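Below is one structure, written out as structure tokens; comments come after it.
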Amino acid sequence: MKKLVLSALVLGSAFAAAPAFAQASGSVDVSGTVSGRCLAATPISGSITLGELAKTDGTVDAAFSSNVNGLTRNFTIKCNGSNPKVSVEAKPLVNAASNNPPNGYTNTVHYTAVVTAQRANGGPTSISDESIASGATTGQIGDRFSSNTNNITLTVGTGKTADSAAMLEAGAYAGKVEITVAPAA
């Protein structure tokens, strides 16, 4: 029994002499990224029907006064970054059936397309493109998009021909406006 008590005392004093375990602590960093992106909450599509393009004298009606349902269309764009880029390219209205109009006539009607973006801090900014010039016009809106619906508007107007006295060839005319919205680089 003495041996057992002595062994217990030696063993107990060995544990008492060992240092106590201290608390361990540290930290783990957590990170992530958000890529800049834009999306059309309502599709950038539809149509604007200009109706009769010519005035009674056969020249272009610059106001497109025979339009059906107005000269504007609204869209909702969502971008998660500041200062997104907007590109607009107006492509002329062309009467494809008349591929070689004689002097004094034309098969092409030009116009201006204006994209107006509502900004988060108030006020609009506009980017316009004339179909008579090739290529798109690109600009930044200078702020974030407003979070409201219909925060971007396309308006077409100011019809013209390369020769202001030219008569429009009879027939159907078709063109389009291409709009691209992208996050700032």
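The values are calculated or read from the model by the stated rules, or taken from the named source; none is laboratory data. It should be emphasised that the depicted structure is a prediction, and the values quoted were computed from it without experimental measurement. Neighbour counts are summed over all protein chains in view; Cβ atoms, including those assigned to glycine, are modelled from backbone coordinates with ideal geometry. Surface areas here come from the heavy atoms of the whole protein model, side chains and all, with no ligands, DNA or RNA. Shrake-Rupley method; radii C 1.70, N 1.55, O 1.52, S 1.80 Å.
Counting lysine pairs in the chain whose alpha carbons fall under 27 angstrom apart, excluding pairs fewer than 8 residues apart on the same chain, gives 9. Overall dimensions of region 127-174, expressed as equivalent-ellipsoid semi-axes from the Cα gyration tensor (√(5λ), whole Å, largest first), are 32, 14, 9. Annotation: amide H of N80 within the under-5 Å range of R37, sequence separation 5 or more or interchain, hydrogens built in the peptide plane.
For the pair N99 and S35, a Förster radius of 30 Å applied to the C-beta separation gives a FRET efficiency near 0.05, rounded to the nearest 0.05. In order along region 34-50, the Karplus-derived 3J(HN,Hα) couplings, from 6.51 cos²θ - 1.76 cosθ + 1.60 at θ = phi - 60°, round to 10, 6, x, 8, 10, 9, 8, 5, 10, x, 7, 7, x, 8, 10, 9, 7 Hz, and Gly and Pro are given as x. Mean separation of Cα pairs under 8 Å and 6 or more residues apart, divided by the residue count, gives region 47-167 a relative contact order of 35 percent. Over the chain, accessible surface divided per residue gives 63 Å², non-protein components excluded, 1.4 Å probe.
Other residues whose C-beta falls under 15 angstrom from the C-beta of P84 contribute a net charge of +4, scoring Lys and Arg +1 and Asp and Glu -1.
Result for the chain in a Gaussian network model with C-alpha springs under 10 Å: among A22, A63, A40, the largest mean-square fluctuation is at A22. In the chain, the alpha-carbon atoms span a convex hull of 215 Å³ per residue.
Helix 2-17 axis versus longest C-alpha principal axis of the chain: approximately 40°, rounded to the nearest ten.
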